[in-house]
């Protein structure tokens, strides 16, 4: 079974508290760990996802959007 290995996860955050930033980073890491890796994804040196915190949207929803975007990018590399 393919797996996703991450050497480094960096988040550039603005407008979030330190606690919100920690929660976002943890949820993104957990989401990627739980996500099924595409069977024939190729190794990537770097990936980037851009997301904007919209008023009324939770940090958890934002993390889910980031994870979904990164998984879509992995699938596009096939």
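The packing ranking, built from the mean of other Cβ atoms within 10 Å per residue, places the peptides 5-11, 47-53 in the order 47-53, 5-11, highest first. Computed from the Cβ-Cβ distance with R0 of 25 Å, the FRET efficiency linking residue 12 to residue 64 stands at 0.85. When the P(r) of the stretch 18-76 is calculated, the portion above 16 Å amounts to 45% of the C-alpha pairs.
Gain on full extension, evaluated as 0.36 nm per residue between residue 20 and residue 48 minus their Cα-Cα distance, stands at 8.1 nm.
Every read-out reported here was derived from the displayed coordinates using simple, explicitly stated rules and does not represent laboratory data. Only a predicted model underlies this, so the values are computations on that prediction, with no experimental measurement involved. Reconstructed Cβ throughout: ideal geometry from the backbone, glycine too, with neighbour counts over all protein chains shown.
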